[in-house]
Amino acid sequence: MVRGKDASLAARAANRLAELYIEGNLQVRAGQVTRVREIVSHKLAEMRGELAKAEAKVSAFKDAHKSELPELMEARLHERLSLSRQIEMETGFVQEAQRRLDLQGTQPFGKGHRGGAARGRV
């Protein structure tokens, strides 16, 4: 509060004091922002360094344990399923071929053989 004989002068003085207070407050806050920015930048640089080290460790671990990683499990399961289906299909082909061979062995000589009928004509 400012008092004086001249009300206009007192009002101007009060306004100027308020402006000075606001400017000072803004300067303090600007300094705080600058310091916080510096701290955050420093911490961020530290964290980036730690992250790079951690990523290097993870990469080295993955390289050392390529065949043991869980993410390979699904791919291996899919591969096994595919191989199992292929084996089943090939087993079916083998069984069908064996059945046909067995059937040919039960047919009388000459049936189904071109050479057998020709031999009887001599």
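Numbers below:
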quantity	calculated
Lys, Arg +1 and Asp, Glu -1 on Cβ, resulting dipole of the chain about Cα centre, debye, nearest 20	340 debye
Principal-axis tilt of helix 71-106 within the chain, Cα atoms, nearest 10 degrees	10 degrees
C-alpha long axis of helix 7-64 to longest principal axis of the chain, angle in °	20 degrees
Whole-percent carbon and sulfur share, accessible surface of the chain, 1.4 Å	59 percent
Extension gain, Asp102 back to Glu23 (0.36 nm per residue minus Cα-Cα distance, nm)	17.9 nm
Which of Gln104, Ser84, Leu26, positive extreme of dipole for the chain (C-beta unit charges)	Gln104
Rounded accessible area per residue of the chain, 1.4 Å, Å²	95 Å²
Ratio Rg/Rh, restricted to the chain and using Cα atoms, in which Rh is the Kirkwood radius	1.83
Dipole in debye (nearest 20) - segment 1-65, about Cα centre, beta carbon charges: Lys, Arg +1; Asp, Glu -1	220 debye
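The values are calculated or read from the model by the stated rules, or taken from the named source; none is laboratory data. Predicted model only: the values in this text are computed from it and were never measured. Quick reminder, even Gly has a Cβ in these numbers, built from the backbone with ideal geometry, and neighbours come from all protein chains shown. The accessibility values were calculated without ligands, DNA or RNA, using every heavy atom of the protein model including side chains. Shrake-Rupley method; radii C 1.70, N 1.55, O 1.52, S 1.80 Å.
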